[in-house]
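Worksheet for the structure shown next.
None of the figures in this text is laboratory data; all of them are computed from the coordinates on show. This structure is a prediction, so every number in the text was calculated from the model and none was measured. Using ideal geometry, Cβ is built from the backbone for each residue, glycine included, and neighbour counts are taken over all protein chains shown.
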Ligand code: M6R
């Protein structure tokens with residue numbers, strides 16, 4: 001049921017505040033502002049029996065596992081892969097554990113080295129993606145402990161994994177993944193905090209700050225959804241661009257790639273996602289006045305560097321669409337379109353900045369007359385490689 005929305009995708013974009021709240025709800029304690037992952041099931045129990053576990057004993061098992069690992073691999077495809085890339089920033093910063101992120105179809109055929117004490121984590125909304133499934137099976141055969149983050153409970157990947165976590169976003173019908181992505185980022189925040197605390201990399205005070213930041217996301221998202229109307233109007237101007245170059249640094253780099261993927265799959269327009277620091281190493285040559293530069297530039301420790309990239313792009317004639325923090329006069333002045341995000345901790349900024357990018361692709365596709373829920377050539381669940 002579309003519940004009055006024109007498309008499932010739009011409905012799912014609007015469901016994100018609720019989806020994120022449901023994703024974190026089992027794991028965060030809103031009184032103590034602490035995290036304990038709920039019924040992950042590392043002891044070896046069927047997916048159907050997870051709810052029956054003794055939560056305290058289960059959390060102790062998860063913590064024991066977290067203490068024993070030396071590295072994490074995150075394996076996924078498409079949008080779930082981009083979520084995994086953000087996971088790397090979170091896990092490395094908050095838990096000081098090395099993380100490798102891989103596209104499932106590359107990982108499975110590379111004969112990868114999986115040393116002992118590796119946790120292999122897969123991310124899959126559907127839990128049925130053929131390459132991700134093959135990757136988790138291979139990792140198990142090679143002796144790794146596996147943890148799956150799925151949306152569909154009891155899906156094939158979910159059943160295959162040793163440990164289980166859920167996006168809890170409710171059914172996602174639109175082929176373009178939206179709420180499953182932000183819910184995954186919420187779960188990854190919880191895992192990173194849990195890992196960091198268990199491994200002694202985070203103190204109680206920082207944990208509380210991080211929990212408060214993730215708990216604030218649903219209400220912050222409500223404000224960001226107002227860009228729906230903005231892009232409904234801006235779409236007719238935006239569709240005249242020849243191409244879109246999305247850029248960002250830190251967690252905004254995977255967001256740039258996710259934004260570009262959304263535009264490709266929905267509006268069939270050429271888009272690339274780049275680390276802003278790479279601009280001078282090639283993509284700068286693409287820029288002229290028919291090129292839109294989508295820059296994700298929150299006010300963080302990388303802001304000044306991002307701004308200088310933006311100025312260079314503008315000097316080449318590129319038209320700027322920027323996403324920044326609050327009422328940023330400087331960004332507003334150099335941008336054709338400026339989108340203000342609420343102030344957020346770096347660990348949660350990505351959950352907000354992706355929303356205008358989802359809405360922009362949605363409205364561009366609508367104004368071009370494309371089928372947003374079922375883009376050409378694509379399937380919701382890629383069960384063959
Ligand atoms: O179900 P999964 O999360 O494993 O799916 C992975 C990709 O096929 C999926 O994210 C795809 O890239 C989406 N259509 C992107 O919007």
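Which residue, 338, 109, 166, has the most motion in a Gaussian network model of the chain that connects Cα atoms within less than 10 Å?
Comparing 338, 109, 166 in the GNM, the peak value goes to 109.
Between the range 42-90 and the range 237-290, how far is it from one alpha carbon centroid to the other, in angstrom?
When both Cα centres are located, 32 Å separates them.
What does the helix-only formula give at 222 nm for the chain: each DSSP H stretch with n ≥ 4 adding -39500 (n - 2.57), the total divided by the residues, and the result rounded to the nearest 500 deg cm²/dmol?
The helix-only estimate for the chain comes to -14500 deg cm²/dmol at 222 nm.
Can you give the angle from 0 to 90° between the axis of helix 227-238 and the longest principal axis of the chain, with both taken from C-alpha atoms, to the nearest 10?
Tilt relative to the chain: about 50 degrees.
Using a Gaussian network model of the chain whose springs link C-alpha atoms within less than 10 Å, name the residue from 292, 234, 95 with the highest mean-square fluctuation.
With Cα springs under 10 Å in the chain, the top fluctuation among 292, 234, 95 is at 234.
What does the C-alpha gyration tensor say about the overall shape of the range 74-197? Classify as rounded when a/c is under 1.5, otherwise prolate if a/b is larger than b/c, or oblate.
Oblate.
Given R₀ = 30 Å, what would the calculated FRET efficiency be for residue 334 paired with residue 370, taking r from the Cβ atoms and rounding to 0.05?
Values: r = 31 Å, r/R0 = 1.03.
That gives a FRET efficiency of 0.45.
Can you give the % of DSSP beta bridges in the range 60-202 that are antiparallel, to the nearest 5?
Taking every DSSP beta bridge within the range 60-202, about 0 percent pair in antiparallel fashion.
Set the Förster distance to 22 Å, then compute FRET efficiency between residue 93 and residue 29 from the Cβ-Cβ distance, nearest 0.05. Please report the intermediate quantities before stating the final value.
Working: r = 22 Å, r/R0 = 1.01.
With R0 = 22 Å, the Cβ-Cβ based efficiency is 0.50.
Is the shape of the range 123-275 best called rounded, prolate or oblate, per the rule: a/c under 1.5 gives rounded, else a/b larger than b/c gives prolate, else oblate, with a ≥ b ≥ c the square roots of the Cα gyration tensor eigenvalues?
Because a/c hits 1.5 or more and a/b fails to exceed b/c, the range 123-275 counts as oblate.
Take the alpha carbon gyration tensor of the range 103-152, find the square roots of its eigenvalues, order them as a ≥ b ≥ c, and report rounded if a/c is under 1.5; if not, report prolate when a/b exceeds b/c, else oblate. Can you show the working numbers first?
Values: a/c = 2.41, a/b = 1.40, b/c = 1.72.
Oblate shape, in that a/c is at least 1.5 and b/c is the bigger or equal ratio.
Could you tell me what percent of the DSSP beta bridges with both partners in the chain are antiparallel, to the nearest 5?
Here the share of antiparallel DSSP bridges comes out near 5 percent.
Using Cα atoms only, what is the angle between the long axis of helix 303-315 and the major principal axis of the chain, expressed in degrees (0 to 90) to the nearest 10?
Long axis of 303-315 versus the principal axis of the chain: about 30 degrees.
State, as an integer percentage, the relative contact order of the chain based on alpha-carbon contacts under 8 Å between residues 6 or more apart.
19
Got a sec? Which residues in the range 168-201 would a label at residue 216 touch, if it sits 7 Å along Cα→Cβ and we count backbone N under 12 Å?
So the set is empty, nothing qualifies.
Mind pulling the angle between the C-alpha long axis of helix 179-198 and the longest principal axis of the chain? Nearest 10 degrees, somewhere in 0 to 90.
50
Can you give me the relative contact order of the range 59-199 as a percent, contacts being Cα pairs under 8 Å and 6 or more apart?
27
What length, rounded to one decimal in nm, is gained on full extension from residue 242 through to residue 67, with 0.36 nm per residue of separation minus their alpha-carbon distance?
Length gained between residue 242 and residue 67: 58.0 nm.
Would you mind telling me which residue in 71, 242, 197 has the biggest mean-square fluctuation in a Gaussian network model of the chain, where springs connect alpha carbons within a distance under 10 angstrom?
242
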